[in-house]
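The values are calculated or read from the model by the stated rules, or taken from the named source; none is laboratory data. All values reported here derive from a predicted model rather than from experimental measurement. Heads up, the Cβs are rebuilt from the backbone with ideal geometry, glycines too, and the neighbour counts pull from every protein chain shown.
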Amino acid sequence: MARVGLGIIGCGNIGPVHADAISQVKGARLVGVADVVEANVRALAERYGATPYTDYQRLLERPDLHAVTLCVPSGLRTEIAKKCAEAGKHILVEKPLEVTTKRIDRLIRYADKAGVKLGCVFQSRFADGTLKIRKALDQGRFGKLVLGGAYIKWFRSQAYYDSGAWRGTRQLDGGGALMNQGIHQIDLLIWFMGPVKWVQAQTRTVGHTGLEVEDLGCAMLEFKNGALGMIEGSTAVWHGHPGRVEVHGTEGTAILDDNELVAWEFKKANRADARVRASFNNEKALGSGAGDPLAELKSEGHRRNIQDFVKSIRDNRAPAIEGREGRRAVELIEAIYKSASSGRRVSL
């Protein structure tokens, strides 16, 4: 395979980020883009030298198309993914994979049956600081994990939710501040701290009108390793602040703000720790989604994520974030919503 041919289905807000990322991925090229909104698809196709399609199934007919990235609203992905799998195309899905674990399980089955790769976009996992924390965890440097937290105090205007009829709906968005925005930090939290045993939560809508979902949510959780945790998520906090993930153990602490390390302390220091601290705030390439995703989000994180997916196709291996791994954050958020609606602790 000379180069992996990629296509994008969905040319709205996140589609152009994928296109820009693909243009920088070694060993790949963007062959086509699809969307029902003709103006969007033609503009994106012209900018990146791809072929435009208003019917994504026409795109799937191309023999030089090896994989697609799905950027349509979350609740529309399962049936489109089924068509992609049946066409023998590998599938990379923007987070979340789908709006419920039941639908995600269908998506996974379609990919398994067709023998195609299924990956999920969680670009924060590819940040330098994130990978340093994961390595330190694998080395046991934190000792016994005791406390972890994910804090997503972001802002979205009323105009943001009004800009698309699908935004803020249960059917197509799947949830609000936790499912759509906070899922990145929630994914990192469970990647660092491990599986969750139970969760107790509350959610509300406090800063926007016309939403079926939350713009504020808080949850307390216990991990299966005995550590405790907190999740705070909102899109009603003016004017938006860095998304934070904290990992605390008996022998170490690390904290990320928008994927940048801001704390790195260990009881048993080594020579590399000083270099890590010297690199604080160096990860500017991924940008932030705190206040305005269109103005603040950059494509570098997606480039790293898509590069791994392309390499998984070329090397015939699983992608770093395959479908079952991408499912975990949605499972936890579903449990948070169940707890908030029932007022009870929910076990996973």
Which one of these does Ala19 not meet: (1) over 16 Å from Arg303 (Cβ atoms); (2) free of Cβ contacts under 8 Å to residues at least 60 places away in the same chain; (3) not in a strand (DSSP E or B)? (1)
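For the stretch 55-110, enumerate the residues that are in a loop (DSSP other than H, G, I, E, B) and either among the small types (Gly, Ala, Ser) or closer than 24 Å to Asn180 by Cα (or both).
As a first pass, look at the stretch 55-110 and keep what is in a loop (DSSP other than H, G, I, E, B): 55, 60-66, 71-73, 87-89, 95-100.
Those that are in a loop (DSSP other than H, G, I, E, B) and either among the small types (Gly, Ala, Ser) or closer than 24 Å to Asn180 by Cα (or both): Cys71, Val72, Pro73, Ala87, Gly88, Lys95, Pro96, Leu97, Glu98, Val99, Thr100.
Taking into account only those residues within the stretch 304-323 that are within 21 Å of the chain's Cα centre (by Cα) and loosely packed, with under 15 Cβ neighbours inside 10 Å, which is farthest from Thr130 (Cα to Cα)?
Our first condition is that a residue be within 21 Å of the chain's Cα centre (by Cα); within the stretch 304-323, this holds for 304-313, 317-323.
Checking the rest, the ones that are also loosely packed, with under 15 Cβ neighbours inside 10 Å come to 317-318.
Working: Arg317: 22, Ala318: 20 Å.
Checking each candidate, the answer is Arg317.
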Count of residues meeting criterion [over 20 Å from Gly75 (Cα atoms), of a type outside the set (Val, Ile, Thr) and assigned to a strand (DSSP E or B)] in the stretch 1-16: 2
Subset of the stretch 219-241, residues crowded, with 18+ Cβ neighbours inside 10 Å and not hydroxyl-bearing (Ser, Thr, Tyr), comes to Ala219, Leu221, Phe223, Ala227, Gly229, Ile231, Glu232, Gly233, Ala236, Val237, Gly240, His241
When the residues of the stretch 77-131 are filtered to those that are touching a strand residue (DSSP E or B) at 6+ places or on another chain (Cβ under 7 Å) and among the β-branched types (Val, Ile, Thr), which remaining residue is farthest from Asp64 (Cα to Cα)? Thr130
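Take Val41 and decide whether it is surrounded by 14 or more Cβ atoms within 10 Å (Cβ to Cβ), outside the structural domain of Arg167 (by TED's automatic domain parsing), over 20 Å from the mean Cα position of the chain (by Cα) and over 27 Å from Arg314 (Cα atoms).
On the way: surrounded by 14 or more Cβ atoms within 10 Å (Cβ to Cβ): yes; outside the structural domain of Arg167 (by TED's automatic domain parsing): yes; over 20 Å from the mean Cα position of the chain (by Cα): yes; over 27 Å from Arg314 (Cα atoms): yes.
Judged against the criteria, Val41 is a match.
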